[in-house]
Amino acid sequence: MSKKYTIAIVGRPNVGKSTLFNRIVGTRKAIVNDISGVTRDRLYEKAEWNGSEFSVIDTGGISASNDVFIKEIKEQAELAIKEADAIIFVVDGHNGITKDDQLVAKVLYRSKQPIYLAVNHLDNIEQHDLIYDFYSLGLGDPYPISAVHGNGVADLLDDIVDAFKNGTNGGVSDQDQEDQIKIAIIGRPNVGKSSIFNSLIKRNRSIVSDIQGTTRDTVDSQFEDNKGNIFTISDTAGIRKSGKVIESTEKYAVLRAQMAIESADVILVVIDASTGIQDQDKHIAGLATEEGRAVAIVVNKWDAIEKDNYSMKQFTEQIREEFKFLDYAPIMFVSAKTNQRLDQIPEMVIKVDNNHKMRIQSSILNQTILDAIALHPTPTKNGKRLRVYYATEVAVAPPTFAIFVNDPELMHFSYERYLENQIRENFDFAGTPIRLRIRARK
């Protein structure tokens, strides 16, 4: 069985870690900006070099400054180091060794993994002499690189991958991920997405803070439920109204949140019970339905609500009124703070994912359509009646049904909606949109 390796990129803020990460993985995955501390959470992405596949982790910069996030960022980096089989320590060749570089080195001295010291921003060979100061860190031969231009990165990766192949770097057995359900958690800023994420994976993976916009990057992880089912889950940046997305860093984060929706099987739309339903909640949920993803609504901070016997029923009615386009989505009331009902999320995810991928036998489907027509005859237009010949399911995820008729123009939207409701009444499509394609029989 093949091995799966992981490389962690660490260093103080603003030395080019994210640029190197993007260079290795080949996409603009990590946010690149000159503002120190932009990468707050650690990012995972797969990469390939010389036929070898591995994962790369981009971590937030470790610093001794008093920024409110520095303690959390340091903890994130230390977790990444524990998960990695090899570590790339990035420094800035033009700044020399700084106090923060020494702090990072002190963290790395405790690591058992091989460390590759990459001296960045050396854009031409004349600047390679700048690497010699970094020998004093005691971490072996430095690699002169330019992450922006790619200079020296190939030599760095050659040595890391060769060590993987020779068994001198660690690695874990590769697992088949094809059957894993991919979950994306979306919602407005500060509704508790990262807290739910961390509770599900049972460790601090996303930085949790009361400051809006804390999760700037989309972060992924895997977790296993108590029945042995494995899930891949993404915590996305909070999506604001377009007019409020001013900071360029945040624009990239929102775009990647939308990309996470596109690649997910099941979307958890998180609503803050303490602030109630807002217009932006509906906009965000609409992104998931536009992509045809399975959806569940998670009402978080339920512990903060003063409740009576009717509270949950009333809030559910409010959601159904405001989210009419999501009348099929199950609703769960949770508290990430107290872990209330969080253990029920995996079971709900599996259920809606199965519904999202469910196939219906054509014979059973057509009997349902015939019964619906007998109950409510087809409409007429200008004296011509709609005739439905047969129906068949042509796709899943979402379930898509082709209904063949004499003339698609005769299918009024209200009757199409009626047929959809009849299909839902006869089959459990909770959590998934279904699509009807009205076609003329040739």
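The values are calculated or read from the model by the stated rules, or taken from the named source; none is laboratory data. Just so it is clear, the model here is predicted, and its values are computed rather than measured. Please note: Cβ atoms are built from the backbone with ideal geometry, for glycine as well, and neighbour counts cover all protein chains shown.
Annotations
- Selection within the range 368-390 - more than 28 Å from Val295 (Cα to Cα) and in a helix (DSSP H, G or I): Leu370, Asp371, Ile373, Ala374, Leu375
- The range 349-367: number of residues that are under 11 Å from Ile181 (Cβ atoms) and not basic (Lys, Arg): 6
- Out of Asn366, Asn300, one residue alone is in contact with a strand residue (DSSP E or B) (Cβ under 7 Å, 6 or more places away or on another chain) and over 27 Å from Gly228 (Cβ atoms). It is Asn366.
- Of all the numbered requirements in (1) over 30 Å from Thr232 (Cβ atoms); (2) assigned to a loop (DSSP other than H, G, I, E, B), Pro398 misses one, and that requirement is (1).
- Residue that is surrounded by the fewest Cβ atoms within 10 Å (Cβ to Cβ), among those in the range 397-442 that are within 21 Å of Phe325 (Cβ to Cβ) and more than 35 Å from the chain's Cα centre (by Cα): Ser414
- Entry remark, the range 283-316: residues being part of a strand (DSSP E or B) and over 18 Å from the mean Cα position of the chain (by Cα) number 2 in total.
- In the range 85-115, residue modelled with the lowest pLDDT [restricted to those that are among the small types (Gly, Ala, Ser) and surrounded by 15 or more Cβ atoms within 10 Å (Cβ to Cβ)]: Ser111
- Residue satisfying all of: in the range 121-155; among the polar types (S, T, N, Q) and surrounded by 12 or more Cβ atoms within 10 Å (Cβ to Cβ); nearest to the chain's Cα centre (by Cα) among these: Ser146
- Boolean, Ile364 is β-branched (Val, Ile, Thr), loosely packed, with under 13 Cβ neighbours inside 10 Å and on the phi < 0 side of the Ramachandran plot: yes
- Neighbours by Cβ (under 9 Å, 6+ apart or cross-chain): first from the range 356-375, assigned by TED's automatic domain parsing to the domain that holds Ala402 and of a type in the set (Asp, Glu); second assigned to a helix (DSSP H, G or I) and modelled with pLDDT of 95 or more: Asp371/Gln422; Asp371/Asn426
- So Ala118, is it in a helix (DSSP H, G or I), surrounded by 17 or more Cβ atoms within 10 Å (Cβ to Cβ) and touching a helix residue (DSSP H, G or I) at 6+ places or on another chain (Cβ under 7 Å): no
- Of all residues in the range 19-31, those satisfying the criterion of being crowded, with 19+ Cβ neighbours inside 10 Å and at pLDDT below 85 are Lys29, Ala30, Ile31.
- Among the residues of the range 352-361, those that are crowded, with 18+ Cβ neighbours inside 10 Å and either within 18 Å of Ile423 (Cβ to Cβ) or modelled with pLDDT under 95 (or both) comprise Val352, Asn355, His356, Ile360.
- Unmet criterion (only one of (1) outside any loop (DSSP other than H, G, I, E, B); (2) buried (at least 17 other Cβ atoms within 10 Å of the Cβ); (3) of a type outside the set (Gly, Ala, Ser)) for Glu347: (2)
- For the range 216-257, taking the residues that are surrounded by fewer than 18 Cβ atoms within 10 Å (Cβ to Cβ) and at pLDDT 55 or above, the one that is nearest to Met332 (Cα to Cα) is identified as Asp225.
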